[in-house]
Amino acid sequence: MIAVVGLGGAGGNCADEAIKRGFYGVAINYSDRDLRALEHVEHKLKLQGSEGVGKNREEATALLSTQYDAVVKWIIDHLSSPSIKIIAFYYSTSGGSGSGIASLLMELLQSIMPDKTIIAFPILPDLSEDETAQLNCLAASEELSKLNVLSFPIDNQQVKNGNNNIPKNKIYEITNTNAVYLLHSVVSYIELSSKNGNFDEQDLLTVLGTKGVGHICEVNIKTPVNIEQTSQGLTDIIHEQWKTSIFAPIDYQHVTRAAVIFDGDEKYTDLISHQDMFSVFENGTPIGLYEGYYHNSANRIITVLTGLPWFTSRLKQIEHIIEQNTSKIETVLSSQADTSYVSSVSSIANKLKSPIKSTPKSSTADIVAKYKR
């Protein structure tokens, strides 16, 4: 049903995680070393022209422009199966490889494979990352916003907010693992049956085929005791999870489509109020609401929001960082213009030199010839 394409180092790690959860996955990268590090991805494409692009997204784009025919053919060869309905692209917006090639590849595939639904999982840098990472994110996000795709912006800053002093590798582990886990949780229900209403394949395709921003959230409905008392208690928990999820903060102007999947004891279904749940949006309930009610042992409610406004408020934080550091950036860049050094005592050093008779300069060939036997 879903194939995952991992672009760059971060995307490749997500593809590795996706395969562990039963998805079909492939990886594309300029770095052969990153590709070799993947444990579960069998189909890997090493892009030509560089062994990694060092956060230079312009170079990544330029190099791809000379080989995109071969790259697209490779993707089609591996993802054209009729059983694959959705292609999910995972990549970091802060680096060079994924950031530089993602939008171009997705737009090409939309044109060539119109029968596939393309969705994106761009990974945003936390606010402590360097200016190059932040600028790459802004450029990649601007490109992505112009595509007719649904984007689930994975936000490293959200994870950092909820985990003080967490090291970067743990942030990446949490975001990569949960971004794949949440998608898998949603997809796992399309093959299940329920007498009370199914969330089927067509529902999934409709929800994920909505342009804009997406958000997936899972709420445990067994542990919190207050949800046994009022529907408002459950609603409050859902709203809190929306705020603290791994995805970029939601802009609550509107939500176009949504899915609500309930899996647990029937006694909790009376606590679900769609009107209360979507009351935080200025335009209220979505124009399309797709539901599934199951009574297994998962004890959870999954919400999928799609067609949300662009994550502008989050990107404005990055713009503010760049504006604050403009003077620093300009100073550093201008200092690179002249890196020559002249010692203040060089005139004295010259006087101390022994006079050496100059000889005609030999060519490289002449010097090498002297050592030939």
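The values are calculated or read from the model by the stated rules, or taken from the named source; none is laboratory data. None of these values were measured; they are calculated from a predicted model. Quick reminder, even Gly has a Cβ in these numbers, built from the backbone with ideal geometry, and neighbours come from all protein chains shown. Just the protein is used for accessible areas: all its heavy atoms, side chains included, with ligands, DNA and RNA removed. Shrake-Rupley method; radii C 1.70, N 1.55, O 1.52, S 1.80 Å.
Surface analysis of segment 66-149 yields an accessible area of 35 Å² per residue, using protein heavy atoms and a 1.4 Å probe. The distance between label points at Thr230 and Thr66 comes to 6.6 nm (points 7 Å beyond Cα on the Cα→Cβ vector).
Stretching Glu319 away from Asn283 to a fully extended chain increases their span by 10.2 nm, per 0.36 nm per residue minus the current alpha-carbon distance.
Between the amide H of Tyr290 and those of Ala258, Ala259, Val260, distances stay under 5 Å, these residues lying 5 or more places away or on another chain, with hydrogens modeled in the peptide plane.
How would you rank 262-269, 233-240, 96-103, 279-286, highest first, on the average number of other Cβ atoms within 10 Å across their residues?
On the way: 262-269: 16.2, 233-240: 17.9, 96-103: 29.0, 279-286: 14.5.
Ranked by mean Cβ neighbours within 10 Å, highest first: 96-103, 233-240, 262-269, 279-286.
Taking the average, over residues, of other Cβ atoms within 10 Å as the packing measure, peptides 65-74, 50-59 rank 50-59, 65-74 from highest down. Pairs from the list Lys116/Lys211; Lys85/Lys160; Lys211/Lys267; Lys160/Lys243; Lys168/Lys222; Lys73/Lys170 with a Cα-Cα gap above 25 Å: Lys85/Lys160; Lys211/Lys267; Lys168/Lys222; Lys73/Lys170.
Under a 5 Å amide H cut-off, with hydrogens placed 1.01 Å from N, Asp155 pairs with Leu124, Phe247, Ala248 among residues at least 5 apart or on other chains. Take segment 228-328 with all the other protein chains still there, run a 1.4 Å probe, and you get 47 Å² of accessible area per residue. Stretching the chain fully between Gln275 and Lys20 yields a gain of 88.1 nm (0.36 nm per residue, less the alpha carbon separation). Note that the chain carries a Kirkwood radius of 23.2 Å, evaluated over its alpha carbons pair by pair. For segment 116-256, the gyration tensor built on C-alpha atoms gives an oblate shape. Its axis ratio a/c (a ≥ b ≥ c) is at least 1.5, and a/b is not larger than b/c.
Residue by residue, segment 191-198 carries 3J(HN,Hα) couplings of 9, 8, 10, 8, 6, 9, x, 9 Hz when phi is fed to the Karplus relation 6.51 cos²θ - 1.76 cosθ + 1.60 (θ = phi - 60°); x denotes Gly or Pro.
Rounded, prolate or oblate for segment 134-215? Axes are the square roots of the Cα gyration tensor eigenvalues, ordered a ≥ b ≥ c, and the cut-off for rounded is a/c under 1.5.
Oblate shape, in that a/c is at least 1.5 and b/c is the bigger or equal ratio.
For segment 1-120, just say rounded, prolate or oblate: build the C-alpha gyration tensor, square-root its eigenvalues into a ≥ b ≥ c, call rounded for a/c under 1.5, and beyond that prolate if a/b exceeds b/c, oblate if not. Oblate, since a/c reaches 1.5 and b/c is not below a/b. Sequence-ordered 3J(HN,Hα) estimates for segment 58-75 from the Karplus curve with 6.51, -1.76 and 1.60 and θ = phi - 60° stand at 5, 5, 4, 5, 4, 5, 5, 5, 9, 9, 5, 4, 5, 5, 4, 4, 4, 5 Hz, glycine and proline given as x. Bridging of Lys146 to aspartates and glutamates at a Cα separation below 15 Å is possible for Glu107, once same-chain residues fewer than 8 apart are set aside.
Per-atom-type breakdown for the chain gives carbon and sulfur 49% of the accessible area (1.4 Å probe, protein chains only). Judged by the mean number of other Cβ atoms found within 10 Å, the most tightly packed of the peptides 159-171, 196-208 leads the ranking 196-208, 159-171.
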